[in-house]
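Visitor: This structure is in structure tokens; I'll ask about it shortly.
The values are calculated or read from the model by the stated rules, or taken from the named source; none is laboratory data. It should be emphasised that the depicted structure is a prediction, and the values quoted were computed from it without experimental measurement. Methodologically, a virtual Cβ is constructed for each residue, glycine included, from the backbone with ideal geometry; neighbour enumeration extends over all protein chains shown. In case anyone asks, the SASA skips ligands and DNA or RNA and just uses the protein heavy atoms, side chains included. Shrake-Rupley method; radii C 1.70, N 1.55, O 1.52, S 1.80 Å.
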Number of protein chains: 4
Amino acid sequence: MSMNSFGHLFRVTTWGESHGPALGATVDGCPPQVPVTPEMLQHWLDKRKPGQNKNTTQRQEPDAVEILSGVFEGQTTGTPIQLMIRNTDQRSRDYGDIVEKFRPGHADITYWQKYGIRDYRGGGRSSARETASRVAAGGVAREAIKAMAPDMSVTGYMVQMGEKKIDRAKFDWDAIGQNDFWCPDADAAKEWEDYLTWLRKDDHNSVGAIIEVVARNVPAGVGAPVYGKLDTDLAAAMMSINAVKGVEIGEGMAAAALTGRDNADEIFMGLNGPEYSSNHAGGILGGISTGQDVVVRFAVKPTSSILSPRKTITKAGEETEIITKGRHDPCVGIRAVPVGEAMMACVMLDHMLLHRGQTGGNRGTIG
Amino acid sequence: MSMNSFGHLFRVTTWGESHGPALGATVDGCPPQVPVTPEMLQHWLDKRKPGQNKNTTQRQEPDAVEILSGVFEGQTTGTPIQLMIRNTDQRSRDYGDIVEKFRPGHADITYWQKYGIRDYRGGGRSSARETASRVAAGGVAREAIKAMAPDMSVTGYMVQMGEKKIDRAKFDWDAIGQNDFWCPDADAAKEWEDYLTWLRKDDHNSVGAIIEVVARNVPAGVGAPVYGKLDTDLAAAMMSINAVKGVEIGEGMAAAALTGRDNADEIFMGLNGPEYSSNHAGGILGGISTGQDVVVRFAVKPTSSILSPRKTITKAGEETEIITKGRHDPCVGIRAVPVGEAMMACVMLDHMLLHRGQTGGNRGTIG
Amino acid sequence: MSMNSFGHLFRVTTWGESHGPALGATVDGCPPQVPVTPEMLQHWLDKRKPGQNKNTTQRQEPDAVEILSGVFEGQTTGTPIQLMIRNTDQRSRDYGDIVEKFRPGHADITYWQKYGIRDYRGGGRSSARETASRVAAGGVAREAIKAMAPDMSVTGYMVQMGEKKIDRAKFDWDAIGQNDFWCPDADAAKEWEDYLTWLRKDDHNSVGAIIEVVARNVPAGVGAPVYGKLDTDLAAAMMSINAVKGVEIGEGMAAAALTGRDNADEIFMGLNGPEYSSNHAGGILGGISTGQDVVVRFAVKPTSSILSPRKTITKAGEETEIITKGRHDPCVGIRAVPVGEAMMACVMLDHMLLHRGQTGGNRGTIG
Amino acid sequence: MSMNSFGHLFRVTTWGESHGPALGATVDGCPPQVPVTPEMLQHWLDKRKPGQNKNTTQRQEPDAVEILSGVFEGQTTGTPIQLMIRNTDQRSRDYGDIVEKFRPGHADITYWQKYGIRDYRGGGRSSARETASRVAAGGVAREAIKAMAPDMSVTGYMVQMGEKKIDRAKFDWDAIGQNDFWCPDADAAKEWEDYLTWLRKDDHNSVGAIIEVVARNVPAGVGAPVYGKLDTDLAAAMMSINAVKGVEIGEGMAAAALTGRDNADEIFMGLNGPEYSSNHAGGILGGISTGQDVVVRFAVKPTSSILSPRKTITKAGEETEIITKGRHDPCVGIRAVPVGEAMMACVMLDHMLLHRGQTGGNRGTIG
């Protein structure tokens, strides 16, 4: 049991602090004979990398990943894969104020209350920098998925920034990679750009967001009942990401407002098996995939590190105010997109491997 | 690793199907010397019990719990507690149609796709009847919590049925136990009653709901970082409940629309430690409790078993229609209230025990 | 994490005390579509059952197993299998002395030191009666193995009682089932019989034993490196059996006295793959099966419950003497044979399932 | 679940291959506020380091450990501790023969049979070099133990090399550190030295050994019943070490030859609680510590990498011979001593933390 691990058979343990010498992920349970190179992983890390445009933190980190074990002559061997990312830009002088003061809405105070000690430099272990490790591990998962289900894809995008939502009618898969926000609605992306510039420069503020991640071409029958449900594991995976406060599968919270008649995804017989009239379920029934798109959404709160003063206390119990300087994301949701994708890739691979171990090869057929 | 277990140190494994001879929970890791009797557990099972009023399924089950192990002379011994509930009302003739047809929105089809065999009687393992086991286990957790943190409480209630929400201004803790819906707003409860009667009798339909569960007087510092976060475990616990499609902590999905300035729960120094101006965080920062109320919400979709015909297919792949007779809840959200409470009690106890094991007794102080 | 569970994918959790209403095993992760009936399991329970001859405890228990879940129409469904055995012969009056006094060499004192409470009736949870649950679970494992590797077998037998060893030259597989000791050497069995009768009747004493368990026709490549080694899991499985003080794989402790030249199992090419000149390794190299017989041995200490007086103390700290009346096995090793078999069957199945989940189907070939 | 991890709350995951860029251990669950420096860990690594004298492999590695995370200003923070050891002496040209041929008695063949790919350089993941990671992790465990039980110690030593055993009458704790074999009998050490020189130089052979590890001043009540027994976890920990074929607790395999009367450790009342007439049990009853010395022994087989030719096959299935050049230990048992100590330290700490989490602070008293 480890508080810093997730996954059953494909098991990822992350380690490292924001301003320590390095951080990384120990990836255990990756099947053998999967082609993995640093370049393959770097592709995904570059998506999450800070300092790429004015909408994300100006911290400059190459986030170059090294593979220290588990890969031999370009292929996984079935042994643990150690992925290490060195921290190069550790301007810890920026964080002086946080040594004694707790930032409201930040884990500063609870780490202190639990452990009686914390690495205050840049949030230490509670920093979103930890998610770089997840993205590296997710890169491995993507390659392993490719070997098992070549048509499967995992794609994330932002559907809401602050109060501004995308227009689903304008949804365009190609637009996602063409703006700074992984936004599938090009018009919304423009609006968000202006809003975020104002928020950052004039309002000294931050804002929340909603990210959606979709797995397509998922085999039916992947997942497990009761506490190891595919949706349970996806919910845990997303909720474990920094700043996440809500997770939805398919209709999500809106399912509460539906009636049974409206919510039923009616079933028809297609050429390659069952087809559905709709996907309220988000591709999962009873914790097991139906073969439809698996759809997850999660909400990210606004970062608590802002330039506006907020009331707080010190370790000594004195009341005071705090302004968080340093280089912070005005909308952490943007960089949460590749993180959400990585978590989904890991969970999907894990359950595809589990399915083999659980059923011993048996499976049901329809038609 | 078990797909039918949850919890780290306080570990619950449930077993049993809707129409098998019995179902139950194996509860491992309960501390010794906790007073536990069948009566204590029965109190909570009676809250969830079907057939209590016209708003829930008319299945008649006494749901009497037997303690088969782990308790000696009225006290837990530290060994596994086996809780068994016999199924007495197994009218399996009601379910004949489901043998060959898959209910839209139900796990019938995915269990078949995964396992190639399923117990079709009443949904088998995928039936919400499984949650009786959780409620029994939750009863044990409540007693163990009492021994460790006597002031702590865990209370659930419904805040939305279909599109009808409670009025937070009318929130009354005492109202919760005084209506059939565990509704804290007495006026809303009356409205829900009429709505549900119409839905059931005239519309042959079902409807979703949102449940909120609150833990009060939680010690600060309980929880863990990264993947073993208190909110991660709560999200997984709630998402594992049948029909749940969304989980929120504190502000939940609405956090996306807030700015950092608005979302900051400012900190002051009270007589007994830190106090907060608000609780957007839902009592958890960085996965660890702040000492404020821990607030979780989850959405339950409408049951897929309705009297209205829906299009579907058979195991043989033929297209057809299905009407689900049998005795089903028009709003499964009602009976999900004690289930959500039970899950929260189990998670809170688990993390209180973990905290002891993780810190070796160390803790931070403020002031 | 559970202290009362073992296995990774095939996970067994036992529960119950010697003199409680029942005991049993929750078996999770059994593949679906495996034929399992109570009769199949009863066959193995009858091997372990007490009161069968004068060499084992005279406690009379039918040890009838009930299947409460996870099996539908004679086949496993992939959901948890609950196996329950009722305790019918609970003559707890025999154990009065143990309420206050600790038996030397027994877990009485350590359970008290850990938990501050214990079920003293018949040893409670520490009684070897717990192993009935293991045998039932092992019966399920055997059927699942049969579905995956039909030629594989798991057989246990006693090779030493007290100082009396079998003569390996007289080893006869058929002899094993033809005496009360599961002894493969018919002559040794006769000698043991006389010895044990004297020990029990005249000496009021008990004696230890060594049991060997062999899995034959094991596929090569089953197991895993480092901490999940097949031999690591076998060692843990055997050491967890009551009274076991040592575990050996292949040469075992005697490997210390060998040289590298003598210990090398030289490899040749047979018709169906590699063949070996010897099996010092016990069928496992680097934690993974070679395809040779997997050979495990374990030593069982003499039971501490004897009719001879031993010095001890009471809970109050007073020095005294104790004689353990009641019905105890003069050589618990006899009934440990089916228990060792059951543990090995569970571990082997678990690793066969794991192999599928770990490799995603990849495997090496030779020749 | 991870095949490369051990421990429940104090959880160690090792990674890395013999000739990759680095290897290490991810240590999760170490309590906060424990003083840990690289120097503290280096002390134990130096005990295991190769090339220190002519009796161990001549591979030259500084085995310098770097702490990459989890320690801040010289103290643990409660977050994962990443320990990395770079491989500097990677003379892989020595291993050319092993690319195609399988060494008898080595994991070469089984890794191939399981994964269909392996890092053949120096044994890859199956190399005993992996144990450096364990020793580093054990160093952390020792410091954490010190903070919880200052009087406790964990000491290992060799009691047998080949057929040559120590004389228990000459046992001297101080002698252990004064010879190349961690031998508590100075006379035996001299004899072993001559024997090993002959074996290495003249006989081109290797030999096995038995190591004993003792934990002294262990608190009573540490451990857990049934499958999480202290002895079960110790057995697994030791069996997971490369080349180990047998594990014993207390009397071990010899317990088989004892009678119940002889094996009983009679109990008396001392000034500080129970005292015992003997320690056949090895300090553990029912899986829980008695407060006596915890005594574990394990047998290490002779290394399979020897200069004498042995018959084997190639990957292509051709019969051939192999001589393993390279730099190998003539008796790997010597360097297994600090590894066994490390494993015991980890297991003891883990169970001391577990005890806190399991009992919620309750405990029994005597007298």
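Visitor: Any residue in the range C:307-331 that is within 22 Å of C:M161 (Cα to Cα) sitting within a Cβ distance under 6 Å of a residue that is surrounded by fewer than 17 Cβ atoms within 10 Å (Cβ to Cβ)? List the pairs, counting only those 6 or more apart or interchain.
Guide: What qualifies is C:L307/C:H204; C:L307/C:I323; C:S308/C:H204; C:R327/C:Q58.
Visitor: Now for a separate question. Tally up the residues in the range A:126-162 that are open to solvent by 10 Å² or more (accessible area, probe 1.4 Å) and over 23 Å from A:F298 (Cβ atoms), please.
Guide: 7
Visitor: Now for a separate question. Test C:M253 against the stated conditions and say whether it is under 14 Å from the mean Cα position of the chain (by Cα) and in a helix (DSSP H, G or I).
Guide: no
Visitor: If a residue must be touching a strand residue (DSSP E or B) at 6+ places or on another chain (Cβ under 6 Å) and open to solvent by less than 10 Å² (accessible area, probe 1.4 Å), how many such residues does the range D:31-44 contain?
Guide: Number satisfying all stated conditions: 4.
Visitor: Looking only at residues in the range B:169-181 that are assigned to a loop (DSSP other than H, G, I, E, B) and out of contact with any Ser or Thr (no Cβ under 9 Å at 6 or more places or on another chain), which one is nearest to B:A141 (Cα to Cα)?
Guide: Among those that are assigned to a loop (DSSP other than H, G, I, E, B) and out of contact with any Ser or Thr (no Cβ under 9 Å at 6 or more places or on another chain), it is B:F181.
Visitor: Restricting the search to the range B:145-168, which residues are assigned to a helix (DSSP H, G or I), more than 18 Å from the chain's Cα centre (by Cα) and among the aliphatic types (A, V, I, L, M)?
Guide: B:A147, B:M148, listed by residue number.
Visitor: Can you report the number of residues in the range D:301-319 which are more than 7 Å from every other protein chain (Cβ to nearest Cβ) and in contact with a strand residue (DSSP E or B) (Cβ under 6 Å, 6 or more places away or on another chain)?
Guide: Summing the residues that are more than 7 Å from every other protein chain (Cβ to nearest Cβ) and in contact with a strand residue (DSSP E or B) (Cβ under 6 Å, 6 or more places away or on another chain) in the range D:301-319 gives 2.
Visitor: Of all residues in the range A:100-125, which are touching a residue at least 12 places away in the same chain (Cβ under 8 Å), open to solvent by 20 Å² or more (accessible area, probe 1.4 Å) and touching a helix residue (DSSP H, G or I) at 6+ places or on another chain (Cβ under 6 Å)?
Guide: Within the range A:100-125, A:Y120, A:R121 qualify.
Visitor: Which numbered condition trips up A:A235, out of (1) within 7 Å of chain B (Cβ to nearest Cβ); (2) surrounded by fewer than 24 Cβ atoms within 10 Å (Cβ to Cβ); (3) at pLDDT 95 or above?
Guide: (2)
Visitor: May I pose another question? Can you tell me which condition D:I81 does not meet? The list is (1) within 7 Å of another protein chain (Cβ to nearest Cβ); (2) over 18 Å from the mean Cα position of the chain (by Cα); (3) open to solvent by less than 10 Å² (accessible area, probe 1.4 Å), and all the others hold.
Guide: Of (1) within 7 Å of another protein chain (Cβ to nearest Cβ); (2) over 18 Å from the mean Cα position of the chain (by Cα); (3) open to solvent by less than 10 Å² (accessible area, probe 1.4 Å), only one is false for D:I81: (1).
Visitor: Can you report the number of residues in the range A:127-169 which are among the acidic types (D, E) and within 14 Å of chain B (Cβ to nearest Cβ)?
Guide: 2
Visitor: Just give me the residues in the range D:321-366 being of a type in the set (G, A, S), open to solvent by 10 Å² or more (accessible area, probe 1.4 Å) and under 19 Å from D:V222 (Cα atoms), in sequence order.
Guide: If the condition is that a residue be of a type in the set (G, A, S), open to solvent by 10 Å² or more (accessible area, probe 1.4 Å) and under 19 Å from D:V222 (Cα atoms), then D:G360, D:G361, D:G364 are the ones that fit.
Visitor: So which of B:L271, B:L230 ends up being among the hydrophobic types (A, V, I, L, M, F, W, C) and modelled with pLDDT of 95 or more?
Guide: Answer to the check: B:L230.
Visitor: On to the next question. Against the conditions (1) out of contact with any His (no Cβ under 7 Å at 6 or more places or on another chain); (2) facing chain D (nearest Cβ under 8 Å); (3) under 22 Å from D:G105 (Cβ atoms); (4) not in a strand (DSSP E or B), where does C:E248 fall short? Just the number, please.
Guide: (4)
Visitor: Residue by residue through the range C:10-30, note down the ones that are within 11 Å of C:C346 (Cβ to Cβ), open to solvent by less than 10 Å² (accessible area, probe 1.4 Å) and either facing chain B (nearest Cβ under 7 Å) or in a loop (DSSP other than H, G, I, E, B) (or both).
Guide: C:F10, C:C30
Visitor: For the range A:189-203, check the following and say yes or no: at least one residue is touching a strand residue (DSSP E or B) at 6+ places or on another chain (Cβ under 8 Å), in contact (Cβ under 8 Å) with a residue 40 or more places away in the chain and of a type in the set (A, V, I, L, M).
Guide: Within the range A:189-203, one or more residues are touching a strand residue (DSSP E or B) at 6+ places or on another chain (Cβ under 8 Å), in contact (Cβ under 8 Å) with a residue 40 or more places away in the chain and of a type in the set (A, V, I, L, M).
Visitor: If you scan the range A:214-226, which residues turn out to be of a type outside the set (G, A, S) and surrounded by fewer than 24 Cβ atoms within 10 Å (Cβ to Cβ)?
Guide: A:V214, A:R216, A:N217, A:P219
Visitor: Can you pull out every residue in the range D:286-313 that is at pLDDT below 95, open to solvent by less than 30 Å² (accessible area, probe 1.4 Å) and part of a strand (DSSP E or B)?
Guide: Once the filter is applied, which keeps residues that are at pLDDT below 95, open to solvent by less than 30 Å² (accessible area, probe 1.4 Å) and part of a strand (DSSP E or B), the range D:286-313 yields nothing.
Visitor: Same structure, new question: For the range B:273-285, what are the residues that are within 7 Å of another protein chain (Cβ to nearest Cβ) and part of a strand (DSSP E or B)?
Guide: Across the range B:273-285, the qualifying residues are B:P274, B:L285.
Visitor: Could you tell me whether the range A:212-221 includes any residue that is under 27 Å from A:H328 (Cα atoms) and either more than 7 Å from chain B (Cβ to nearest Cβ) or outside any helix (DSSP H, G or I) (or both)?
Guide: Looking through the range A:212-221, at least one residue is under 27 Å from A:H328 (Cα atoms) and either more than 7 Å from chain B (Cβ to nearest Cβ) or outside any helix (DSSP H, G or I) (or both).
Visitor: Next question, about the same structure. Quickly run through the range C:31-52 and pick out the residues that are in a helix (DSSP H, G or I), under 15 Å from the mean Cα position of the chain (by Cα) and not aromatic (F, W, Y).
Guide: The answer is C:L45, C:D46, C:K47, C:R48.
Visitor: Please specify each residue of the range B:259-272 satisfying the condition of being open to solvent by less than 30 Å² (accessible area, probe 1.4 Å) and either in a loop (DSSP other than H, G, I, E, B) or more than 8 Å from chain A (Cβ to nearest Cβ) (or both).
Guide: Within the range B:259-272, B:A264, B:D265, B:G270 qualify.
Visitor: While we're on this one: Taking D:T324 and the conditions (1) closer than 30 Å to C:L271 by Cβ; (2) within 8 Å of another protein chain (Cβ to nearest Cβ); (3) assigned to a loop (DSSP other than H, G, I, E, B), which numbered condition does it fall short on, given that it satisfies the others?
Guide: (2)
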